[in-house]
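Below is one structure; the comments refer to it alone.
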Amino acid sequence: MTGALKLKGPVMLSLGLALFVALLAAGLLAGPVRELFASTSAGGGYDAQRMVLLYAQLPRFVMALLCGGALAASGAILQQVLRNPLASPTTLGIDAGARLALALATLFAPALFGFGRDVVALLGSGVSTLVVFALVRRKDFAAVSLVLAGLVVSLYCGALAAILVLLNDRYLVSLFIWGAGSLSQQGWQPALDLALRLALLVLPAALLVRPLSLIDLGDESGRALGLSVGRLRFLAVALSVLLAAFVASAVGVIGFVGLVAPLLARLAGARRFGERLLFSTVIGALLLALTDTAVQLAAGATAEFLPTGAVTAVFGSPLLLVLLPRLKSFARPALGARAPALPRRLPKGVLAALLLCIVVLLAAAVLFGRDAAGGWQLLPPSEWSDVLPWRVPRLAAACLAGAMLGVAGLILQRLTGNEMASPEVLGVSAGAAFAFALSLFLLGGTGIIGEAVLTTGGGMAVLAAILLLSRRSGFVPETVLLAGVALNALLDAVIGVLSASGDPRGFILVAWMGGSTHGMTLDRVLPIALSAAFLVAASALTARWLAILPLGSPQSLSLGVPLGRARLALLLLAAALTAAATPVLGPLTFVGLMAPHIVRSLGIRRPLPELAGTVMAGAAVMAVADWIARVAAFPYQLPTGLVAALVGAPVLMALIGRREVAR
């Protein structure tokens, strides 16, 4: 009786979603079903409506259920094994690897499509996952290492695929639709193939339920009970990867279901892992079916061209926001965080050496490059007055933006104790991109100043919504992060639909989101520099909070930290840093994730030195990225934000593979 009461919330949520799905499905299919039976009884010949129902609408409905359930199960397993509620199938680079493989095959090996698009996508997913496993093999597949390696590989593959799309848009435009997830079907065979593949994974998933339930006790307790934690984590992640890879190869990228369905199951009251896995699968299947049915009803004949994956967040995000106040009833003390490492004494001369390297790097980035004919040259002094006014402003803007994003990432990672926290989690970047998209599609563009005002306003509006939603919890980091994830996904859904719409302005939007410093002038750099100086200085004043907050709420309160005010101030500071950098680099904030990790890998742990090191690391990464963006495809200019991921990812991969990461 007690167990039934505990599961009342998940059951009611599942029944509620099932009711909505049934009502929408009845509205969509009732007419065609009546006509089907009428034509059958009349013994009619060929009936186009009948063929659409039997070989398009019904297979699409079944495919939605299969994909939603598989992605939700994959997300539930990943969140359990990585002990992080922000984990999802996209965390390990599954979708990004498939997208990159499709782009490379289209451009350089189209004969591979003779084996089928799904085979190419599966191959890409498999290779990206193997890279992740190779990076963390020596760490016994520790959770933090897996999260970081997956994020880095995902960002790297995604950035490379995006650059290929921008350079070859005529050939790769279809990747926009695939990347947004399309459930359109023309027969039963794809659904049957996917069902067979997923059926093979049911037994392994059932066998892993009990061992994975013991992970809640911690790695050491699990080992004491006889578990091989590293092997268990490897098997669980491999299972999760297969679930998501089968879906991605069949229908493309549908990312939000894998994140939100397990969260909804947990928020509804499913406590044990077995319960969460079961109800996550049910909720995910119903949520995607609900979304796709609503898309078909709303879009009518154009539903075939509207990607369901990009619209899923429209339904999932409000559900997550409604249930978010219940977070405090089950939240773990730290959102997948490890205990803070003891501060180390800073090795002598480390920051000075970093500063010297950056000065040399900046000089090389300015003076070494391409001449007018495309050849390599060291810029002679006679040309400085002509060339430096073009190179210096863009380099300065990139470095300043990189420094601000790095500091924002450092603040969020220390505030939340989450290794995955980065500036885009706050939703500021998505708000800025959404505002730019609206100005582009509704106003036709607003110029440089109008763009800066609108993007900053859009980002701060999203932040205000997040703070309003998390105010009653005292700005608890878990609530803030999940509210940011929900709003981020909601806005990204709109942006994804616009990008995949076929409108030429969608390509302009994608190019803007890549982030470019081309055309930067000294007049535009000056306010960026003033903003960076003020905000970084303000961040330094919060060093005491940044040192104490990772210890946990009780310890912070006992040491006199005003938790509510401190959290609010740090969130506002991180948001302001992100908002100031977004007009320069677009919404890609990879450097905000990477720069703090690079600095910590050098042994710098104390807040002020770590802050200084992060400023320099963020600036250095963006300096290299801007130089490569300028010269790699001369005379074309690559997006600096995308190139930053290509530059920084190998560095972070090397650091992950070289150093021990706490489990």
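Each reported figure results from applying straightforward, stated rules to the coordinates on display, with no laboratory input. All of these numbers come straight from a predicted model, not from anything done at the bench. Here the Cβ is made from the backbone with ideal geometry for all residues, glycine too, and neighbour counts use every protein chain on show.
Here the extension length gained between A56 and V387 equals 113.3 nm, from 0.36 nm per residue of separation less the Cα-Cα distance. The simple spin-label model puts a point 7 Å past each Cα toward its Cβ; for L356 and T521 those points are separated by 3.9 nm. Semi-axis lengths, largest first, of the ellipsoid equivalent to segment 525-663 are 30, 20, 11 Å, with √(5λ) applied to each eigenvalue of the Cα gyration tensor.
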